[in-house]
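To keep things clear, I will list the structure first and then write my remarks on it.
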Amino acid sequence: MDRTLQDLRFAVRSLARRPGFALVAVLTLALGIGATTAIFSTIHGVLLRPLPYPESERLVALWQTSRSTPGRDEDGTVSHVNFLDWRREARSFEGMALYTRANSVVTGMGEPELVPTGAVTPGFFKVLRESPALGREFTEEEDLPASPRVVVVSYGFWQERLGGRRDVLGSMLEIGGRPTQIVGVAPRGFDFPNGARLWTPVRSDDGNCGRGCVYLNGIGRLAPGATLEGARQEMAGIARRLEEAFPGANTDVTAAATTLQDRMVGTVRPALLILMAAVAMVLLIACANVANLLLVRGAARAGEIAVRAALGAGRRHLLAQLVLESLVLAAAGAVLGIALAVWGVDALKGLAPENLPRLDEVAIDATTLLFAAGLAAVTALLFGLAPALHLTRAPLAGTLRQGGRGEVGAPGRRLGRSSLLVTEVGLSLMLLVGAGLLLRSFARLQAVDPGFDPRDLATFTVALPPARYPETADRLGFLDRLRERLAAIPGVEAVGAGIYPPLGRGLDVLSFRRTDRPEPRPGQSPSTIIRGADPGFFRTMRIPLFAGREFQSADRLGSAPVVIVSRAAARRFWPGEDPVGKQVAGLDLGEDIGAPRTVVGVVADVRSVELAAEPEPEMYLPLAQTAGDRATFILRSRGPASQVLAASRRELQAMDARLPQVFPGTYAELVDQQLARPRFYMLLLTLFAGLALVLAAVGIYGVVAFVVTRRTREIAVRIAVGARGSQVLRLVLWQGIRPAAVGVAFGLAGALLARSVVSGLLYGVAPVDPATFVGVVALLLGVVVLACLVPAWRATRIPPATALRAE
């Protein structure tokens, strides 16, 4: 132990004698370790950390999907009626429940408040093994449509809005305009799904909304001894039996299952793993840089090591002491790296999109600190062991004869330095290619035409409580009057209203049939995205009309049912035909009209769900031919959208002070939300690629400068015997360009092999994009030449007489 402490003190003193070297090495390692630790903390919080529920690994997400074309379906794909059969027949689960994300308007407590809500079936809390802090969860009777309204409130809502009163059970909240009794308080910290603060029963009306209503999410807990694969097979068997028994709604429908954690984070896993691989490359480049620094320093220390060996120091002791110096550097780099990681995690959370799952669980914790410590030990071996072996293997007599200068041209050292440069350049090129592809992809995504003009559009939603607006005519009248008041706001150019507008929240897909075709076989009815729109919707959104007419004020309940279709719908459902004048049946939004609808117009396609997704077939129904219980208003303005939103809120409050604006914002913000994840991935990968490029440039500069320093006498002799400056310049440049060229070749091969990894993050750009590859190679070689040019230019300025006298 005393000897180890003595070696440690010697290592610290040795590094302190060369503060410039130590500072550069520590900063290089800190950047690599800090960036890696920050990304690891994100991956740990999002992907690796178990969900905060007891035995969360046994929680399973359940959903319906197509048997012939299975895929990762979006939320809300379970029928309540099918679920009842699942729960009755499945033996792989000790419990099942359904839930859906919603938002409830709470009134009677000051300003109306929009509160995140989970609509759940009985047993939901039991499946998650979360017992209410007060009261109970829902009973089977409370899940029936006509049952009294009840609610479980979150612990935070209980404390903040209800004063934490112990007698809160049995008291009433006004939710959606209806008195609702509090029957329970959720445990502290519980907010599933999606940050919920209230939970209400689903109350599915199975009589009117049968097996074809697929708007819920399934969750189950595996029974003791059951496996996920066994549960999948059992659920697929139940789905086959339901298909045989109820072909109308279940043809080609199967049940899928995966862990709840994978369901929540599966969409971001590939991108986060790519970022982890990228930052690991940065760390390897940092290690290669420090290894090169140690090789350079080792050449200068060769005499010291030889003298110590001549005085009796054993090779193993010398090797251990050199590795200990590397550990000291790595430890200092880790301490500074952790400080950078703390800042980096805050920066990552600030840059990350709001819809990145489990973002609130990302933090520098004990696991992250342990990872950083292990990383420091591994990096110390990566950058320290090879230079130490080179140094301790040097022949003692030869080194002493040279006065301790070492052999810059020794094949082993030359090969070591070149190999490290090849590694740095190759890894840098791979990162630059990935960043270049994401940059081009992001530019393509930004240039996508969404099919409408999102500029200067303000938007908000109004939800009319049926308790206070029970009649359809009353609700539609309210929306008409509100539209008139909004149109009179100064600065408002146009006002439109709709249901499920493009890129907004919510989506409805309905099956239909053409009345001029035979009835489709079960499961083969065409389906389309359905939206509501008023007469001003298309003009306000600036969605072009290609055929027929837009909606008119006369298209109301009691008038002929009509529909407008998109060009994609016209191409798919009426190929080679003019759809105007044709009729479809089965399309309604809330108000069951029943009669076929006549197509009266064809409008342009829009990117309805994602900017990166091709337009889907869509159909629009007149807003005045729907239930009228909700509408999203869209205002095109000449001034700032924030002013228009504030004025529109005042108009809404003037009509009904208990109605809040739901999801107020601008369409520019909706478009920006679509770009948030691609921008996040692009920015991080570009940052890592830029850091890698700087580190590689510094490494090349350092090696070439060292070579010039060690070959000063040779260069002076060359100049003395007549070598021109251009010849010396080429000689020195070749020291850096040669290994860089080899690194470029290896980097290109690696980028080609890894092309499928990044392809899932690209839009409109091929993984092997010639322009990107050529541009990246040109950039990298340009940086290499610049890094070599300064020491090369200095070499041409060496005075021969001065250099020879020094020798």
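With labels modelled as points extended 7 Å from the Cα through the Cβ direction, what inter-label distance (nm, one decimal) is found for Asp206 paired with Val774?
6.5
Quick one: P(r) of the range 73-169 from all Cα-Cα pairs, 5 Å bins, percents rounded to integers, in order of increasing distance.
2, 10, 17, 22, 21, 13, 8, 5, 2, 0
Helices from the chain with mean Kyte-Doolittle at least 1.0 and a Cα length along the axis of 15 Å or more, per DSSP H: which? Present the calculation step by step, with values, prior to reporting the outcome.
Details: long enough: 2-16 (21 Å, -0.23); 19-43 (35 Å, 1.81); 228-245 (26 Å, -0.59); 269-310 (56 Å, 1.52); 315-351 (51 Å, 1.30); 366-392 (38 Å, 1.71); 411-446 (52 Å, 0.71); 472-487 (23 Å, -0.50); 641-655 (21 Å, -0.01); 667-710 (63 Å, 1.26); 725-753 (42 Å, 1.19); 770-796 (38 Å, 1.92).
Qualifying helices, which must be both long enough and hydrophobic enough, are 19-43, 269-310, 315-351, 366-392, 667-710, 725-753, 770-796.
For each cysteine in the chain, check whether another cysteine's C-beta sits under 4.7 Å from its C-beta; list those where none does.
Cys287, Cys788, each lacking another Cys Cβ under 4.7 Å.
Using the Cα atoms of the range 617-711, I'd like the radius of gyration and the largest Cα-Cα distance, Dmax, both in angstrom.
Over the range 617-711's Cα set, Rg and Dmax evaluate to 27.2, 87 Å.
Projected onto the charge dipole of the chain (+1 at Lys/Arg Cβ, -1 at Asp/Glu Cβ, origin at the Cα centre), which of Pro112, Leu685, Ser418 gives the Cα projection farthest towards the positive end?
With unit charges placed on the Cβ atoms, the residue in question is Ser418.
How large is the accessible surface of Glu94 in square angstrom, using a 1.4 angstrom probe and rounding to the nearest 10?
Number for this one is 90 Å².
For n ≥ 4 DSSP H runs only, could you compute -39500 (n - 2.57) per run for the chain, divide by its residues and tell me the 222 nm figure to the nearest 500?
Details: 23 runs with 400 residues, N = 807.
Counting only the DSSP helices, I get -16500 deg cm²/dmol.
Shape of the range 159-281 from its Cα gyration tensor (a ≥ b ≥ c, root eigenvalues): rounded if a/c is under 1.5, otherwise prolate when a/b > b/c, or oblate?
Working: a/c = 2.28, a/b = 1.20, b/c = 1.89.
Here the range 159-281 falls in the oblate category.
Take Leu557, project a point 7 Å from its Cα along the Cβ direction, then tell me which residues of the range 618-635 have their backbone nitrogen under 15 Å from it.
Backbone N within reach: 622-631.
Which of the three applies to the range 520-624, rounded, prolate or oblate, going by the alpha-carbon gyration tensor with a ≥ b ≥ c and a/c under 1.5 meaning rounded?
Details: a/c = 1.41, a/b = 1.04, b/c = 1.36.
It is rounded, given that a/c, with a ≥ b ≥ c, falls under 1.5.
Carbon and sulfur atoms: what percent of the 1.4 Å accessible area of the chain do they account for?
On the way: 20660 of 35390 Å².
Roughly 58 percent, rounded to a whole number.
Figure the gain on full extension for Ala377 and Arg485 (residue separation times 0.36 nm, minus the Cα-Cα span) and round it to one decimal in nm.
Numbers: separation 108, 0.36 × 108 = 38.88 nm, distance 6.80 nm.
Going from the current span to full extension adds 32.1 nm.
Determine the percent antiparallel among the DSSP beta bridges restricted to the chain, to the nearest 5. Present the calculation step by step, with values, prior to reporting the outcome.
Working: 68 of 86 bridges.
Taking every DSSP beta bridge with both residues in the chain, the antiparallel ones total about 80 percent.
Which is farthest toward the positive dipole end of the chain among Gln446, Phe773, Gly665, measuring Cα position about the Cα centre, with Cβ charges +1 (Lys, Arg) and -1 (Asp, Glu)?
So the residue we want is Phe773.
Between the range 257-295 and the range 96-147, what is the separation of their alpha carbon centroids in Å?
39
Expressed in nm to one decimal, what extension gain is obtained for the pair Leu273 and Gln653 from 0.36 nm per residue of sequence separation less their Cα-Cα distance? Could you put the intermediate results ahead of the total?
Details: separation 380, 0.36 × 380 = 136.80 nm, distance 4.79 nm.
Extra length available between Leu273 and Gln653 comes to 132.0 nm.
Averaged per residue, what accessible area in Å² does the chain show with a 1.4 Å probe, protein chains only?
Values: 35390 Å² over 807 residues.
On a per-residue basis, 44 Å².
When the chain is fully extended, how far beyond the present Cα-Cα distance does Arg730 get from Leu48, taking 0.36 nm per residue of separation?
On the way: separation 682, 0.36 × 682 = 245.52 nm, distance 5.16 nm.
Result for the pair: 240.4 nm of gain on full extension.
Can you give the % of DSSP beta bridges in the range 136-265 that are antiparallel, to the nearest 5?
Values: 6 of 10 bridges.
Bridges in the range 136-265 that DSSP calls antiparallel: roughly 60 percent.
Exactly which chymotrypsin sites (Phe, Trp or Tyr not before Pro) in the range 461-542 are in a DSSP loop and have at most 13 other Cβ atoms within 10 Å? Numbers along the way, then the final one.
On the way: sites: Phe478, Phe512, Phe537, Phe538; in loops: Phe512.
Passing both the DSSP loop test and the Cβ count: no residue.
Classify the range 27-101: rounded, prolate or oblate, from the alpha-carbon gyration tensor (a ≥ b ≥ c, eigenvalue square roots; a/c under 1.5 rounded; otherwise prolate if a/b is larger than b/c)? Write out the running numbers ahead of the final one.
On the way: a/c = 3.89, a/b = 2.38, b/c = 1.63.
Note, shape of the range 27-101 comes out prolate.
Given labels modelled 7 Å from the Cα in the Cβ direction, how far is it in nm from Leu781 to Lys349?
4.6
Arrange the peptides 755-768, 164-177, 437-450 so that the one whose residues have, on average, the most other Cβ atoms within 10 Å appears first.
437-450, 755-768, 164-177
Could you work out, for the range 94-151, what percent of all Cα-Cα pairs fall into each 10 Å distance bin, beginning at 0 Å and stopping at the bin that holds the largest distance?
Histogramming the range 94-151 at 10 Å steps yields 19, 45, 31, 5, 0 percent.
Find which of Ala497, Val742, Tyr620 sits farthest along the positive direction of the dipole of the chain, computed with +1 on the beta-carbon of Lys and Arg, -1 on that of Asp and Glu, about the Cα centre.
The one lying farthest along the dipole's positive direction is Val742.
Relative to 2.2 N^0.38 Å, what does the C-alpha radius of gyration of the range 509-572 come to as a ratio? Two decimals please.
Values: Rg = 13.9 Å, N = 64, 2.2 N^0.38 = 10.7 Å.
Scaled against compact globular proteins, the figure is 1.30.
Per residue Cα convex hull volume for the range 592-672, in cubic angstrom? List each step's numbers first, then the result.
On the way: hull volume 12.4 nm³, N = 81.
Hull volume over Cα atoms, normalised by residue count, gives 153 Å³.
With labels modelled as points extended 7 Å from the Cα through the Cβ direction, what inter-label distance (nm, one decimal) is found for Arg136 paired with Glu577?
If labels sit at Arg136 and Glu577, their model points lie 5.7 nm apart.
Taking a cut-off of 54 Å, what percent of all Cα-Cα pairs in the chain are separated by more than that? All intermediate terms of the calculation are to be shown ahead of the outcome.
Numbers: 95616 of 325221 pairs.
Result: 29 percent of Cα pairs exceed 54 Å.
The values are calculated or read from the model by the stated rules, or taken from the named source; none is laboratory data. Predicted model only: the values in this text are computed from it and were never measured. Backbone-built Cβ (ideal geometry, glycine too); neighbour counts: all protein chains shown. The protein model used for the area step is the full one, side chains on, heavy atoms only, and it has no ligands, DNA or RNA in it. Shrake-Rupley method; radii C 1.70, N 1.55, O 1.52, S 1.80 Å.
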